[in-house]
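Participant: Sharing a structure below in structure tokens format, with a few things to ask.
Bear in mind that the values in this text are calculations on the coordinates, not laboratory data. This structure is a prediction, so every number in the text was calculated from the model and none was measured. No Cβ is skipped: glycine too gets one built from the backbone with ideal geometry, and neighbour counts run over all protein chains shown.
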Amino acid sequence: MKTIALICVSLLAYLTPSVTGSTVYQFTMNSIEGKPVPLKNYEGKVMIIVNTASKCGLTPQYADLEKFNKEYKSKGVAILGFPANNFLKQEPGTNDDIKAFCEKNYGVTFDMFEKIEVKGKDINPLYDFLTHKDKNGNVESDVSWNFQKFVINKKGEVVAAFSPKTSIYDAEVVALVEKLIKE
């Protein structure tokens, strides 16, 4: 009987998908210029992944994201912007349009990526991973609007999600980033 129970437990462990070791490092995304960027390039950094839009009431957050980038980049923090047109078509432009807008209006120097889908049937695999606890192991958080923030630790694990209206300078966000920098 013990042998059968042991076989069943072993089989169950084998058949149950594991998220242990699942990190954002498994993904390669295209930069806004169209070049493949393995997210493994950010290994050892704290990442803040943000879905962005150019024609949204929250678009001015680009200014704080860039300011935060300048303050924290040297401390090992990387901000990754992912334009998306999922909410009221607030990111209608091409990648070239988006890049020009970000540079001209907000002086964006943090890493921007090609426009993707962050929800729905065509969700990008990275965002499918970010939003589902059964895939990332820690966080369940649908993207509710433009400028939702996902915080990734130095090991590439999703540790938190913050609502679109939460400022990058919110005390909780800053405290978490500071804590992760020290880990």
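Participant: Go through LYS40/LYS89; LYS40/LYS70; LYS70/LYS133; LYS121/LYS179; LYS40/LYS182; LYS149/LYS182 and tell me which ones have a Cα-Cα distance over 26 Å in this structure. Don't skip to the end; give the middle numbers.
Facilitator: On the way: LYS40/LYS89 31 Å; LYS40/LYS70 22 Å; LYS70/LYS133 31 Å; LYS121/LYS179 35 Å; LYS40/LYS182 20 Å; LYS149/LYS182 20 Å.
Listed pairs above 26 Å: LYS40/LYS89; LYS70/LYS133; LYS121/LYS179.
Participant: To the nearest 20 debye, what is the magnitude of the charge dipole of the chain about its Cα centre, counting +1 on the Cβ of each Lys and Arg and -1 on the Cβ of each Asp and Glu? Could the numbers behind the result be given before it?
Facilitator: Working: 23 positive and 22 negative charges, 66 e Å.
Computed charge dipole of the chain: roughly 320 debye.
Participant: Quick one: which residues, 5 or more positions from ALA78 or on another chain, have an amide H under 5 Å from its amide H? H modelled 1.01 Å from N in the peptide plane, none for Pro or chain starts.
Facilitator: VAL46, MET47, ILE48
Participant: Per q in 0.09, 0.11, 0.19 Å⁻¹, report the Debye log10 I(q)/I(0) for region 30-182, using one uniform scatterer on each alpha carbon and no solvent.
Facilitator: So the normalised log intensities are -0.24, -0.37, -1.25.
Participant: Here is a follow-up. With only Lys, Arg, Asp and Glu charged, each at its Cβ (+1 for the first two, -1 for the last two), find how big the charge dipole of region 34-84 is about the Cα centre; round to the nearest 20 debye.
Facilitator: Magnitude of the dipole: close to 120 debye.
Participant: Could you check the spin-label model distance between VAL159 and SER74? Points 7 Å from the Cα along Cα→Cβ, value in nm.
Facilitator: 2.2 nm
Participant: Let me ask something else about it. Short version: ³J(HN,Hα) in whole Hz for each residue of region 120-132, in order, from phi by Karplus 6.51 cos²θ - 1.76 cosθ + 1.60 (θ = phi - 60°), x for Gly and Pro, what are they?
Facilitator: x, 5, 9, 3, 5, x, 4, 6, 4, 5, 4, 8, 10
Participant: Next up: May I ask which residue of VAL158, ALA100, VAL118 lies farthest towards the positive end of the charge dipole of region 30-182, with charges of +1 (Lys, Arg) and -1 (Asp, Glu) on Cβ and the Cα centre as origin?
Facilitator: Projecting each Cα onto the dipole axis, the largest value belongs to VAL158.
Participant: What aspartates and glutamates sit close enough to LYS104 to cross-link, taking a C-alpha to C-alpha distance under 13 Å and skipping anything fewer than 8 places away on the same chain?
Facilitator: The reachable aspartates and glutamates, counting only those whose Cα sits under 13 Å from LYS104, are GLU66, ASP96.
Participant: Considering the options PRO60, SER144, LEU130, tell which one lies farthest towards the positive end of the dipole of the chain, charges being +1 on Lys and Arg and -1 on Asp and Glu at the Cβ, about the Cα centre.
Facilitator: LEU130
Participant: Give the long-range amide H neighbours of VAL159: residues separated by 5 or more places, or on another chain, with amide H under 5 Å away, using H modelled in the peptide plane at 1.01 Å from N.
Facilitator: VAL151, ILE152, ASN153
Participant: Using θ = phi - 60° and the Karplus form 6.51 cos²θ - 1.76 cosθ + 1.60, what ³J(HN,Hα) does each residue of region 80-90 get, whole Hz, x for Gly and Pro?
Facilitator: 10, x, 10, x, 8, 10, 7, 10, 6, 6, 8
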